[in-house]
């Protein structure tokens, strides 16, 4: 992630949270936090609980971030932010936490009176293949709640639309036939079936490595009549290290009412 | 193949709540920001390193990156990092740990290091790697914190031990792991009982004397990798073992161990300038040294209490104080010393009392005054350490002591005092490990250790990555003493100082050489005459030289093989 991109990311994040920029120069910014963000980012629970108990006037902090030391004036003091820095990770977690669930409508201006909007459930998933190694795949899947059609790369589709949190004038939403809960189930099954079709050489290789280490372990203790506790500890550790598994995490998702019945 | 599969169901429950209650719903912009970042944090491949992208406060060197990559990809996260001193094993360990943390494979981490290094590790992990490591202070911390740095001596003690044994560690890192070579120690047993997925053992000296040492280290990491103990001894301990098996052992070890050499890193190193400083005893000192021999006569084979003439002779080369302390202990331990012994000791103590100056200390003072810069003095003996501190103070030179036994905070403090205020740091052997003193580039070896690896550890404190100037090493040895013999054998014949450690430990294990220290003891203690001693020394030197040529031939053969395979 380039420093420039980080700067933009921060701008968008603080703007979306209703913060004001006291200063916003090349390579640095000073942000006036809102109460909500102060609580989320500044790690001062005692101040906030004290304030709530005494009923004082909240005074959220302002923070200066430096996104590019070269560009920012030398006199500026602040927190340096880069990809991988704990602060950026925290901001990311906050964004994730604040927007795990969403509902939006496509912003259309219907020609004729009363245009329908079709309900879709979208889920952004992180699929992790884990053994002693790990890799992830990001997937975005949408499911039409009327007839169950599935669409891949759904997030990309959504990002090309104008979306609004309020239902636009002269539009009405179709009531889902498939309830969100069973839509989630359908998406899960779809993902699971896809994974079952994969060959999973990575897992086979991990099992081979696992078995090799198990063989070594048995070899190590072969002279002993009674196996010591360390044998079982070691064996369990190998299982945890190598046993292949796939985990699916929901990054976020929600309901989208779109003009299309099919995508 | 079918793989276990877990789907995160927590999300949908809340979705239904919000669906029924018509919200609350998140903002589209934040939703997009979350997705964007998640996509960036996705790890697209099993191979390769993610960590460097996340780090700006450290610029890993090529050999460090390569090491980290190999450990993750080829060694399944279990490795002995055995770079030569000063090549940045800590950075390698940090990179590997960070990689596993980014990949979400490591969360609960235990880092065991010498007490003097705890705060340094904590600082480096936090500053360079953004890993929220904390130094262990209270026993509740083992459970509450995910990444703890502690000394092994604390960790193995009650109540810590029991709490630690209940934790499931994703990764355990042990610094200065050569201390875990003996499987009959509490430390070894303690480490063996840890529940760990990934494990890194850091040591600059994986083999000091015997080939079994590597067996015990590897068995902590990967039990069975070198077979069972009986099997291993059968195969490798035999005196007449074949070179073929050696090759096999090497290959096996290389699967779990990475050892970068200075010469192979392609880095510019500052030079080591080694100077031997020979010192003449004063008349009184010589008399004390010679008087020690009467002990052999006074008490036949008196090494029963763990003392030996050799020890005393070496001490005599260091300071009269060192001799005095040992003699006092000797009498105490003997409980009812024979009159002959008592008489001998009294006689020696008389000689000690007659000594007015310490010739070595005088020389050291002269040197320090001419250097006019920071100097580290290493001695093996505490009594000498104390004496030197007093002596330097008498002559207006500020010094700080350093010992292995110091508490963590005190070590940090002493290091800081040395860096900012004092001219001299006087360290004993145990204090040699684990402090980085790059800001200093003069070192006096006031007395010389038997074990060349220990010497390398000493030098490594100053001659490491980050040292910008040439390092001056002064080896003190007293003429016509056991010390001069050691110097001749170890440090001149095999050019220990100028060469790097890796060569030497290879040389020593190339032959089933036995413990070097045992050989030396034999030479110095059992020889009846000066002549016999010389002959034995000669033999020993030849043996080392022989091992060296053998190794060279092997290397040449290896090189030839590689060349043919390329063409």
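Give the value in nm², to one decimal: projected area of the alpha carbon convex hull of the range B:351-489, averaged over all directions.
So the mean shadow area of the Cα hull is 9.0 nm².
May I ask you to derive the FRET efficiency for residue B:373 and residue B:542 from their Cβ-Cβ distance with R0 = 51 Å, giving the value to the nearest 0.05?
0.80
Which order do B:342, B:284, B:12 fall in if you start with the one that has the fewest other Cβ atoms within 10 Å?
B:342, B:284, B:12
Within 10 Å of each residue's Cβ, count the other Cβ atoms and sort B:175, A:107, B:17 from fewest upward.
Fewest-to-most ranking of B:175, A:107, B:17: B:17, A:107, B:175.
Arrange the following residues from fewest to most other Cβ atoms within 10 Å of their Cβ: B:11, B:142, B:413.
B:413, B:11, B:142
Return the calculated 222 nm mean residue ellipticity for chain A, to the nearest 500 deg cm²/dmol, obtained by summing -39500 (n - 2.57) across DSSP H runs with n ≥ 4 and dividing by the residue count.
That comes out to -12000 deg cm²/dmol.
Any idea what log10 I(q)/I(0) is at q = 0.15, 0.19, 0.20, 0.23 Å⁻¹ for the range A:3-99, Debye with uniform C-alpha scatterers and no solvent?
Evaluating at q = 0.15, 0.19, 0.20, 0.23 Å⁻¹ gives log10 I(q)/I(0) of -0.61, -0.92, -1.00, -1.24.
Can you classify the range A:201-243 as rounded, prolate or oblate using the Cα gyration tensor, where a ≥ b ≥ c are the square roots of its eigenvalues, rounded means a/c under 1.5, and otherwise it's prolate if a/b beats b/c and oblate if not?
Oblate is the answer for the range A:201-243, as a/c is 1.5 or above yet b/c matches or exceeds a/b.
Give the average, rounded to an integer, of partner chain Cβ atoms located within 10 angstrom of each Cβ in A:158-164.
Partner-chain Cβ atoms within 10 Å, mean over residues of A:158-164: 2.
Other chains' Cβ within 10 Å of B:250-262 residues: what's the mean?
0
Taking square-rooted eigenvalues a ≥ b ≥ c of the alpha carbon gyration tensor, is chain A rounded, prolate or oblate, where a/c under 1.5 means rounded and, failing that, a/b exceeding b/c means prolate?
It comes out oblate by the Cα gyration axes.
For the range B:51-264, evaluate the Debye formula with one uniform point scatterer on each Cα (no solvent term) and list log10 I(q)/I(0) at q = 0.07, 0.15 Å⁻¹, rounded to two decimals.
-0.21, -0.95
In percent, how large is the relative contact order of the range B:51-264, given Cα pairs closer than 8 Å and 6 or more residues apart?
Across the range B:51-264, relative contact order equals 25 percent.
If packing is taken as the mean number of other Cβ atoms within 10 Å per residue, what is the order of B:253-264, A:167-178, highest first?
Top to bottom by mean Cβ count within 10 Å: B:253-264, A:167-178.
Kindly work out what percent of the DSSP beta bridges joining two residues of the protein assembly as shown are antiparallel, to the nearest 5.
In the protein assembly as shown, approximately 40 percent of DSSP beta bridges are antiparallel ones.
In vacuo Debye scattering of the protein assembly as shown, one point per C-alpha: log10 I(q)/I(0) at q = 0.06, 0.11 Å⁻¹?
-0.53, -1.34
Please work out the Cα center distance from the range A:52-107 to the range A:1-44, rounded to the nearest Å.
4 Å
Quick one: compute the contact order of the range B:94-187, relative version, from alpha carbon pairs under 8 angstrom and 6+ residues apart, as a percent.
The value is 37 percent.
State the Cα centre-to-centre distance between the range B:194-228 and the range B:1-55 in whole Å.
Comparing the Cα centres of the range B:194-228 and the range B:1-55, I get a distance of 40 Å.
FYI, it's all coordinate maths here, none of it is from the lab. Quantities reported herein were computed from a predicted structural model and do not represent experimental measurements. Because the Cβ atoms are built from the backbone with ideal geometry, glycine has one as well, and the counts that use them run over all protein chains shown.
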